[in-house]
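Inspection log for the structure reproduced underneath, given as structure tokens.
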Amino acid sequence: MEHPEAVEQLARRKVREGALDTALVSLALAQHRQVLRQHLDSLMALAESLLACREPAVQELAGHLYCEVFRHLAGGASQEVVGQLVQRASCGASSGEARGAALSVLAQLVAGQGAEVAQYSVFLTQLLDCLESLGLEEVRQVMQLLCGLAWGTARGAGIRDELVIFIKKQLNSYRESWQRVGVLGSVAAIGIQCIG
């Protein structure tokens, strides 16, 4: 993007005015995927910037933009979406609010396209490395997300074993904070298995 700040401000203003909404994003990506694939870097930069905004409507549009890029542009774009969201959700990478927004988008992706997202589980399991620095709600989101992949998709077997080992290790920890992580993981795993 040549003038990123101006584009970001314009996009935010258009979202506030209602001229830029999720329906328009879906239509544009469905009808113009070839052209937009050539501008993936700009799309990703815009989505990341909008996700960092504190306005719920702007964050919602950013989440939808990520999901539509994942769905319509596929391949390298899908990997870029998951990688960027994991980086945003990782410890120290952003504020708690931005982490929560990134985790919510990842959860939407898992709910809507879990089998496709499971291909990138190696990126998602990196979230386990930073659980200690996350708040309890964020830990719950991460565990639900990973358990949704592990038990909610046919391709989840690859991370299932890793997640079971991680949860058992946390439950047997001498640190109370890690035991809580294990309990949250156990509850998330049981919840996903009961639903499925």
### Task
Would you please name the trypsin sites (Lys or Arg not before Pro) within region 8-69 that are DSSP coil residues with at most 10 other C-beta atoms within 10 Å of their C-beta?
Arg54
### Sequence-separation-based contact order of the chain, relative, with Cα cut under 8 Å and 6+ spacing, percent
14 percent
### Query
DSSP loop GluC sites (Glu not before Pro) in region 27-86 with at most 10 other Cβ atoms within 10 Å of their Cβ, which ones?
none
#### Entry: In order through region 28-41: 3J(HN,Hα) via Karplus (6.51 cos²θ - 1.76 cosθ + 1.60), integer Hz, x for Gly, Pro
4, 6, 6, 8, 10, 4, 5, 5, 5, 4, 5, 10, 4, 4
### Message
Around Leu27, under 14 Å between beta carbons, what's the net of Lys plus Arg minus Asp minus Glu among the other residues?
### Response
0
### Whole-percent pair-distance distribution, where bins are 10 Å wide, for the alpha carbons of region 107-152
28, 56, 16
### Task
Could you work out the Rg to Rh ratio of the chain, with Rh taken as the Kirkwood radius (inverse of the mean 1/r over all Cα pairs)?
1.00
### Message
I'd like to check one number: the per residue accessible area of region 1-153, probe 1.4 Å, reported in Å² as a whole number.
### Response
47 Å²
### Summary
In units of 2.2 N^0.38 Å, the Cα radius of gyration of region 61-142 is 1.01
### Task
Just round it to a whole percent: the fraction of Cα-Cα distances in region 40-92 exceeding 18 Å.
25 percent
### Query
How much of the accessible area of the chain, probe 1.4 Å, is carbon plus sulfur, in whole percent?
53 percent
### Query
Over all distinct Cα pairs, what is the inverse of the mean 1/r for region 134-196, reported as the Kirkwood hydrodynamic radius in Å?
11.5 Å
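The values are calculated or read from the model by the stated rules, or taken from the named source; none is laboratory data. Keep in mind it's a predicted model, so treat the numbers as computed, not measured. Neighbour counts run over all protein chains shown; Cβ positions are idealised from the backbone, glycine included. Areas reflect the complete protein model, heavy atoms only, side chains present, ligands, DNA and RNA absent. Shrake-Rupley method; radii C 1.70, N 1.55, O 1.52, S 1.80 Å.
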